[in-house]
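Reviewing the structure listed below.
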Amino acid sequence: MKWEIVIGLETHVQLSTASKIFSGSSTAVGAEPNTHTCATDLALPGTLPVMNRNAVHKAIQFGLAINAHVAEFSQFERKHYFYPDLPKNYQTSQLEHPIVSGGQISFMVGDELKTLNLTRAHLEEDAGKSLHDNYHFEDGGSATGIDLNRTGTPLLEVVTEPELHSAAEAVAYARALHSLVVWLGVCDGNLQEGNFRCDANVSIRPAGQKELGTRTEIKNVNSFRFLERAILYEVERQIEVLEDGGTIVQETRLYDDVNDETRSMRTKEDAQDYRYFPCPDLPPLIVSKEWIEEVRQSMPELPDACRARYESQLGLSAYDAAQMTVNRETADYFEAVLALSKADNAKVIANWIMGDVNATLNSSGLEITDIPVTPAGLAKLVERITDGTISHKAARDVFQALWAGKNEADVDKIIEAKGLKQISDTGALEALVDSVMAANADIVEEFRSGKEKAFNSLVGRVMREAKGKANPAQVNEILKKKLS
């Protein structure tokens, strides 16, 4: 039987606020356990939550960025469940009236542009953290510790429609969402610290069937690579269960990256199991039209608009424009190089960023914010390529010198010192071509008898004769003229 995969993602985006959603406690990471907590976080009697305005501001930003409805009236509810790291025994969240409804996010899967509908994005507080292997006793026993520093950290939970149909699509969407929230400054996007983590709802159904299959939820995946592997494993597991005559149990599962498998964690609860009811300690959240408009006016240029501008004004392809806006830092670097160069160099600059820049960053384990080649340095290098001073091959030597610490003022010095300047003098090149043609009359005859590959052989011999310094475009032009 042929199966169709159906995936929906719920992503917990930690909002980059200095304090928690309902208290003044710090959200900074790295502190000793239970030092960034207060009476409100610990749910001590007599304490009351106070809404963090900055968290609401960031939720509005996100809603506007995805063309969603930002609610003027939203409401907090208590979601009851019992975990050791949840001191209230309920989580303050939003269910019936979320702050953001609808919206869309576009993303590339290979060369194909896809658009995914979102269901909602709602504000809620995070729970604490259980530390299972940190405490050991002399008799060999161990204990689990509870760190409540994270308790009350503001989250925006972004929920998609079940419209994803492969692990690759799910990862491409997650990357696009990650890029957007970091671009907006809504979240710092640190996956290692759990500031951006996904729950994947996975089901399968026979191809052509409209009714959804029973879903399982893979909880708290904070790596794009692990998200893909977890979904791939879970899909294969579900297919095997159904084809063996079994049934899928609705449950929550965890991904074990060591054994590359998902494991059952608990039976999946439905909304009624959480006993939601409106939080009596928080009034409805009222967001005025004026506030929404104020946020709209302060928004940066969004990735979609940036991509469209690169395509329409700079002539970049959809793929190149998407690569230049993969994150805000890349776009900023591209714009900085472009500002110091000519607009018609945009494609060359983009090629360098997608090629040598990204390759060297990856091999060095660096982000583009740490790149040692300044925008002025890359702009000068591109200028020397486009004006014919050096070839693309020679430019790589200059780039590596810039990477090693030379600045933009040294580009011409590097070219001179390394003897990389290209031969562009027409007379000198014609003499070289004449010499090669005379010495390789048999190859010339092959070309004239219809063997097109002979032309490349002649070009290669001219380049070798010139020790790689001949301008390739001019060599091609002169050869074509002389062979015609």
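For the reader, a short list of remarks on this structure follows.
- Estimated inter-spin distance, ARG225 and GLU211, nm [label 7 Å along Cα→Cβ]: 4.1 nm
- Each Lys and Arg contributes +1 and each Asp and Glu -1, all at the Cβ; summed about the Cα centre of region 301-418, the dipole is approximately 300 debye.
- Distant-in-sequence amide contacts of LEU164, defined by a placed amide H-H separation under 5 Å and a gap of 5 or more residues or a different chain, comprise ILE7.
- Across LYS418/LYS482; LYS20/LYS289; LYS20/LYS219; LYS88/LYS219; LYS114/LYS380, pairs whose alpha-carbon gap is larger than 28 Å: LYS418/LYS482; LYS114/LYS380
- Gyration tensor (Cα) of region 3-291, equivalent ellipsoid semi-axes in angstrom: 30, 26, 18
- Distance between the C-alpha centres of region 88-143 and region 146-178: 6 Å, rounded to the whole angstrom.
- For the peptides 339-349, 179-189, residues were scored by their other Cβ atoms within 10 Å and the scores averaged per peptide; the highest-first order is 179-189, 339-349.
- Per-residue 3J(HN,Hα) values for region 394-405, derived from phi via the Karplus relation 6.51 cos²θ - 1.76 cosθ + 1.60 with θ = phi - 60°, read 5, 4, 5, 5, 5, 4, 5, 5, 5, 4, 6, x Hz in sequence order (x marks Gly and Pro).
- Site pair ASP387 and GLU293 shows an inter-label distance of 5.1 nm when each label is modelled 7 Å from Cα along Cα→Cβ.
- Cα pair distances of region 56-201 binned at 5 Å [whole percent]: 2, 8, 15, 18, 18, 14, 10, 6, 4, 2, 1, 0
- To put it simply, the accessible area of region 301-418 at a 1.4 Å probe is 48 percent carbon and sulfur.
- Farthest toward the positive end of the dipole of the chain, out of GLY365, TYR310, THR325, is the Cα of TYR310, where the dipole comes from beta carbon charges about the Cα centre.
- Apportionment of accessible area to carbon and sulfur, region 3-291, percent (1.4 Å): 50 percent
- Each principal axis of the Cα atoms in the chain has its own extent, and those three values, largest first, are 95, 59, 56 angstrom.
- For region 426-483, convex hull volume per residue from C-alpha positions, Å³: 65 Å³
- Nonpolar atom fraction for region 426-483, defined as the carbon and sulfur part of the 1.4 Å probe accessible area, stands at 50 percent.
- Solution diffusion estimate, µm²/s, Stokes-Einstein, region 1-43, Kirkwood Rh from C-alpha pairs, 4 °C, viscosity 1.567 mPa s: 95 µm²/s
- Under a 5 Å amide H cut-off, with hydrogens placed 1.01 Å from N, GLN91 pairs with LYS79, HIS80, TYR81 among residues at least 5 apart or on other chains.
- Cα lying deepest toward the dipole's positive end in region 3-291, options ALA71, HIS165, TRP3, charges on Cβ: ALA71
- Remark: the chain carries a charge dipole of roughly 1360 debye about the Cα centre, counting +1 on each Lys and Arg Cβ and -1 on each Asp and Glu Cβ.
- If the Kirkwood radius is taken over C-alpha pairs of region 243-333, then at 37 °C and 0.692 mPa s the Stokes-Einstein diffusion coefficient equals 169 µm²/s.
- Loop-exposed GluC sites (Glu not before Pro) per DSSP, neighbour cap 14 Cβ within 10 angstrom, longest uninterrupted part of the chain: 368-451
- Heavy-atom surface of the chain, accessible at 1.4 Å and reported per residue (Å²): 49 Å²
- Positive-end residue, region 3-291 charge dipole about Cα centroid, Cβ charges, pick of SER142, PHE224, PHE22: PHE22
- Note, ³J(HN,Hα) from phi for region 235-241, Karplus 6.51, -1.76, 1.60, rounded to Hz, x at Gly and Pro: 4, 5, 5, 5, 4, 5, 4
- Theoretical gain in end-to-end length, ALA31 to ASN456 [0.36 nm per residue, Cα-Cα removed]: 146.6 nm
- Per-residue 3J(HN,Hα) values for region 184-200, derived from phi via the Karplus relation 6.51 cos²θ - 1.76 cosθ + 1.60 with θ = phi - 60°, read 6, x, 6, 9, 7, x, 6, 6, 4, 8, x, 7, 8, 9, 10, 10, 9 Hz in sequence order (x marks Gly and Pro).
- Under a 5 Å amide H cut-off, with hydrogens placed 1.01 Å from N, ASN471 pairs with ILE423 among residues at least 5 apart or on other chains.
The values are calculated or read from the model by the stated rules, or taken from the named source; none is laboratory data. Owing to the predicted nature of the structure, the values given are computational and were not obtained by experimental measurement. For neighbour counting, all protein chains shown are included, and Cβ atoms are generated from backbone atoms with ideal geometry for every residue, glycine included. Side chains included, ligands, DNA and RNA excluded: accessible areas come from the protein's heavy atoms. Shrake-Rupley method; radii C 1.70, N 1.55, O 1.52, S 1.80 Å.
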